[in-house]
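Worksheet: one structure, shown below.
The values are calculated or read from the model by the stated rules, or taken from the named source; none is laboratory data. The shown structure was predicted, so the numbers you read here are calculated from the model rather than taken from an experiment. Note that each Cβ is placed from the backbone with ideal geometry, even for glycine, and that neighbours are counted across all protein chains shown. Side chains are part of the model used for accessible areas, which takes the heavy atoms of the whole protein and leaves out ligands, DNA and RNA. Shrake-Rupley method; radii C 1.70, N 1.55, O 1.52, S 1.80 Å.
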Amino acid sequence: MIKITKCPISGSTRSVKYLDLGDVPLVNNLCETKEESLAIERFPLAIQLFPTSNFTCLTEIVDKGKLFETYLYYSGINKPYLAHCSRMYDYLGDFVDLQENDYVVDVGGNDGSLLKEFRKKNPNLVYVNVDGSHSFLEVNTAAGIQYVNEYFSEETDLKFKARVITSTNVFQHTEPMRSFVKGIYRNLSEDGVWCLEFPYFITTLVNFNYDQVYHEHVYYFLLQNIIDITEQEGLKVVNTSFYDMHAGTLRVIIAKQSSSRQPDHTIDQFLEMEKIINEDYCLDWGKRTYEKMVEYKRFLTDLVSEGKKIACFGAAGKGCVFLNSCEIDHMIIDYIIDDTPLKQGKYMPGTGIQVVSREYLDTHKVDYILILAHNFKDYIIESMRPQFDGKFLVMYPDIQVI
């Protein structure tokens, strides 16, 4: 692992570690057997604040080859996300007038779900997915999407200029960050826009969603951080908006500084909120998070001691962080339901808990379903109600029994 000792925005070397989750497995590398799951390699997982820039990132990073070369998350499984992408196309129409054969690039586009939704709205554009995982080559090619299998950076040369570049839940994964921004500048047309979305760190803090902290997420952004890094690389933020997606997502529209577009009224409201974040706030947040982790395990252990059976829903990264950091394993949780076929039959790293389909619930009854993918809890509860008449559990920001 490589330690991050210098702020990528300010260059400062003074940092404060305020949450240490110990050694945690790589959350998306599901295992073939229970034994493999329990014996899997673990890596340090902690975050630090660089006070000079109010910027949070991991203290150490794992080689990206271990993280992304084989990836089992398929965006298309997530129906609320698809609707979100469809609406994004309409939103972007306020910033760029797309013409026939204009290029639209999605960075880290996974199985091509975002571009497929865009193409439903406009089939006359050229759609390109730049993604570092070889897992999605066939599915993109079959959908008619050009697939560039590489990690996006300042070295990326697409041989054309894109009118729109999108990156949803990708920028926080990308180290080094500055190289990514340079790549945007290099491949964006003079009148184009970069639509950047990421889990808004204000929401993560306020709702105690510490399960957003895992090895793939190197960086934890405030809007001010985005303004600082883009201005340093010839870009400017012109618009921001907030969405409930992924437990709180900030969308930032970014253009080149040479563009005629100017920053609008949406930006100041977020910067005002961010004034609460400082070193003392983060240290207190870390302390309270540790207390909540103890409370979570005690609550679930007490249910099991009362003879109750508990399953989970969502074999996502955040669920793996929650289970491992709270030391919750197959002795407490019976199984994890997930709709991704490639995950079914495998085991959550570090826990010995098997991932199964919804049908498994029909013959293996439980009293509670703990929603690990809590950012989609409303959709999950509604879709499970015809099949499950027990109670649902949500842990954030406080324990809820539904």
Test set (1) surrounded by fewer than 22 Cβ atoms within 10 Å (Cβ to Cβ); (2) farther than 16 Å from Asn169 by Cα; (3) in contact (Cβ under 8 Å) with a residue 40 or more places away in the chain - Thr230 fails condition number: (1)
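For (1) within 28 Å of Gly11 (Cβ to Cβ); (2) free of Cβ contacts under 8 Å to residues at least 24 places away in the same chain, each residue gets a yes or a no:
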site	(1), (2)
Ala83	no, yes
Ser86	no, no
Val104	no, no
Gly109	no, no
Ser133	no, no
Ala143	no, no
Ser167	yes, no
Gln172	yes, no
Val181	yes, no
Is at least one residue of segment 11-25 touching a Pro at 6+ places or on another chain (Cβ under 7 Å), among the charged types (D, E, K, R) and not in a strand (DSSP E or B)? yes
Of (1) assigned to a loop (DSSP other than H, G, I, E, B); (2) under 20 Å from Ala255 (Cβ atoms); (3) touching a Phe, Trp or Tyr at 6+ places or on another chain (Cβ under 7 Å), Glu154 satisfies all except one. Which? (3)
For segment 200-235, which residues satisfy the criterion of being closer than 16 Å to Ala247 by Cβ and part of a helix (DSSP H, G or I)? Phe201, Ile202, Thr203, Thr204, Leu205, Val206, Tyr210, Asp211, Gln212
Filter result (more than 24 Å from the chain's Cα centre (by Cα), touching a residue at least 12 places away in the same chain (Cβ under 8 Å) and in a helix (DSSP H, G or I)) within segment 356-387: Tyr360, Leu361, Asp362
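Table: residues versus (1) among the basic types (Lys, Arg); (2) at positive phi; (3) out of contact with any helix residue (DSSP H, G or I) (no Cβ under 7 Å at 6 or more places or on another chain); (4) open to solvent by 80 Å² or more (accessible area, probe 1.4 Å).
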| position | (1), (2), (3), (4) |
| --- | --- |
| Ser259 | no, no, yes, no |
| Gln262 | no, no, yes, yes |
| Tyr281 | no, no, yes, no |
| Thr289 | no, no, no, no |
| Phe299 | no, no, yes, no |
Regarding Arg251, is this residue among the charged types (D, E, K, R), outside any helix (DSSP H, G or I), open to solvent by less than 20 Å² (accessible area, probe 1.4 Å) and in contact (Cβ under 8 Å) with a residue 24 or more places away in the chain? yes
State yes or no: is Ile336 aliphatic (A, V, I, L, M) and touching a residue at least 60 places away in the same chain (Cβ under 8 Å)? no
By residue number, the members of segment 293-332 that are assigned to a helix (DSSP H, G or I) and within 22 Å of the chain's Cα centre (by Cα) are Met293, Gly317, Lys318, Gly319, Cys320, Val321, Phe322, Leu323, Asn324, Ser325
Search segment 182-222 for residues being aliphatic (A, V, I, L, M) and out of contact with any strand residue (DSSP E or B) (no Cβ under 7 Å at 6 or more places or on another chain), and hand back the single one that is most open to solvent (accessible area, probe 1.4 Å). Val206
